[in-house]
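All remarks here apply to the structure that follows.
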Amino acid sequence: MASIPDITLNNGQTIPQFGFGVFQIEPKDTVSAVSTALEAGYRHIDTAEMYGNEAEVGEAIARSGLDRGDVFVTSKLSNDAHEPDDARRAFEGTLKALGTDYVDLFLIHWPLPARYGGDFVATWRTLEEFYREGRARSVGVSNFQPRHLRRLHGETEVIPAVNQVEVHPYLTQDELRAFCAQHQTAVEAWSPLGQGNCLQDPVITAIAERVGRTPAQVVLRWHVQRGDIVFPKSVTPDRIRENIGVFDFELEPAEADDITALNRDERTGPDPDTFTGR
Ligand code: NAD
């Protein structure tokens with residue numbers, strides 16, 4: 001397998017461009033799925049307190065025999081813990097569950113502009129504390145729109161290292177991605193396969209046939225060539241191995257453009273401008 005590129009974040013830390021997401025993996029299945037991923041060569045795991053499987057992610061990493069420093073671990077703040085003291089307690093809980101004294105990346109999971117009096121700035125300042133203490137090697141946000149990012153730029157010191165947002169062929173997010181690029185915030189594409197929804201699209205299946213790859217590999221390769229960070233989820237060992245096999249072929253620019261043209265601004269998840277996290 002060709003090696004996975006690192007992306008350098010705005011603070012000089014590096015993140016493997018390709019990882020493994022564990023949203024909707026039951027705790028009882030998580031150790032096995034993450035172990036399969038680590039055996040297949042994944043070195044970046046994306047979890048969250050709200051996924052309820054941080055402890056199992058930590059257990060799989062511990063069991064793998066890999067050094068802690070060889071696996072990039074991201075977690076995220078629960079929507080119920082945006083008040084600074086709650087955020088501090090939640091972060092302690094995340095470190096304890098993962099069985100580690102630092103995470104590589106810690107994110108505000110949702111901006112929740114209709115909750116907490118719209119104040120995600122105080123929450124961000126609390127993440128800045130974790131960053132300064134070295135307990136979060138990098139800090140970032142998730143599901144932030146340009147208007148939310150502008151507020152952080154105007155009122156706080158640390159520029160988010162990443163913004164993790166929904167991106168797939170039916171929601172290409174070109175404006176948001178350009179805004180992030182302009183502000184040195186790396187984009188992480190969540191639900192990179194649109195939760196599987198775009199894999200039967202005739203444009204994608206035709207390219208897959210032409211290049212002799214699966215539709216999932218074609219979509220993941222499209223993300224990689226756009227420069228986004230991705231972490232598809234699967235509990236099926238063959239798919240976990242299939243998904244990471246995207247570093248030994250390339251899409252022609254015209255093929256990549258055909259996939260980008262599938263955009264319909266269609267979300268599979270909540271709208272960040274209105275979502276209250278409940
Ligand atoms: P995804 O786009 O990775 O799709 C996963 C689904 O696609 C699987 O359940 C399976 O049905 C299908 N699939 C996976 N591999 C396949 C293959 N090779 N062939 C055919 N079908 C395949 O969706 P996701 O899990 O929602 O997103 C990935 C990760 O993004 C999550 O696990 C999580 O880490 C992150 N995420 C973050 C947020 C956020 O708000 N920050 C929200 C959703 C997801």
If you scan the range 167-206, which residues turn out to be closer than 16 Å to ASN243 by Cα, more than 8 Å from the ligand (Cβ to nearest atom) and assigned to a helix (DSSP H, G or I)? ILE204, THR205
Test ALA181 against the criterion of being out of contact with any helix residue (DSSP H, G or I) (no Cβ under 6 Å at 6 or more places or on another chain) and either over 26 Å from ASN11 (Cβ atoms) or of a type in the set (Gly, Ala, Ser) (or both), and give yes or no. yes
Name the one entry in ARG177, ARG135 that is surrounded by fewer than 23 Cβ atoms within 10 Å (Cβ to Cβ), under 24 Å from GLY19 (Cβ atoms) and in contact with a strand residue (DSSP E or B) (Cβ under 6 Å, 6 or more places away or on another chain). ARG177
Matching residues, the range 207-219, being surrounded by fewer than 23 Cβ atoms within 10 Å (Cβ to Cβ) and within 12 Å of the ligand (Cβ to nearest atom): ALA208, ARG213, THR214, PRO215, ALA216, GLN217
Scanning for something in contact (Cβ under 8 Å) with a residue 24 or more places away in the chain, surrounded by fewer than 23 Cβ atoms within 10 Å (Cβ to Cβ), β-branched (Val, Ile, Thr) and not in a loop (DSSP other than H, G, I, E, B), does the range 38-55 turn up at least one residue? no
Being farther than 14 Å from GLY134 by Cα, more than 15 Å from the ligand (Cβ to nearest atom) and buried (at least 19 other Cβ atoms within 10 Å of the Cβ) is the filter here, so list the residues in the range 82-108 that pass it. ALA87, ALA90, ALA97
For GLY69, indicate whether it is more than 13 Å from the ligand (Cβ to nearest atom), free of Cβ contacts under 8 Å to residues at least 40 places away in the same chain and part of a loop (DSSP other than H, G, I, E, B). no
Does the range 235-243 contain any residue that is closer than 20 Å to GLU266 by Cβ, buried (at least 22 other Cβ atoms within 10 Å of the Cβ) and either of a type in the set (Phe, Trp, Tyr) or within 10 Å of the ligand (Cβ to nearest atom) (or both)? no
Looking at GLU250, GLU266, can you tell me which residue is within 14 Å of the ligand (Cβ to nearest atom), closer than 27 Å to THR185 by Cβ and surrounded by 13 or more Cβ atoms within 10 Å (Cβ to Cβ)? GLU266
Pairs only if they're at least six apart or on different chains, beta carbon under 8 angstrom, first in the range 103-121 and over 15 Å from ASP46 (Cβ atoms) and of a type in the set (Gly, Ala, Ser), second within 11 Å of the ligand (Cβ to nearest atom) and modelled with pLDDT of 95 or more; list them, first residue then second. ALA114/PHE275
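The values are calculated or read from the model by the stated rules, or taken from the named source; none is laboratory data. Everything numeric in this text was worked out from a predicted model, so none of it was measured. Neighbour counts run over all protein chains shown; Cβ positions are idealised from the backbone, glycine included.
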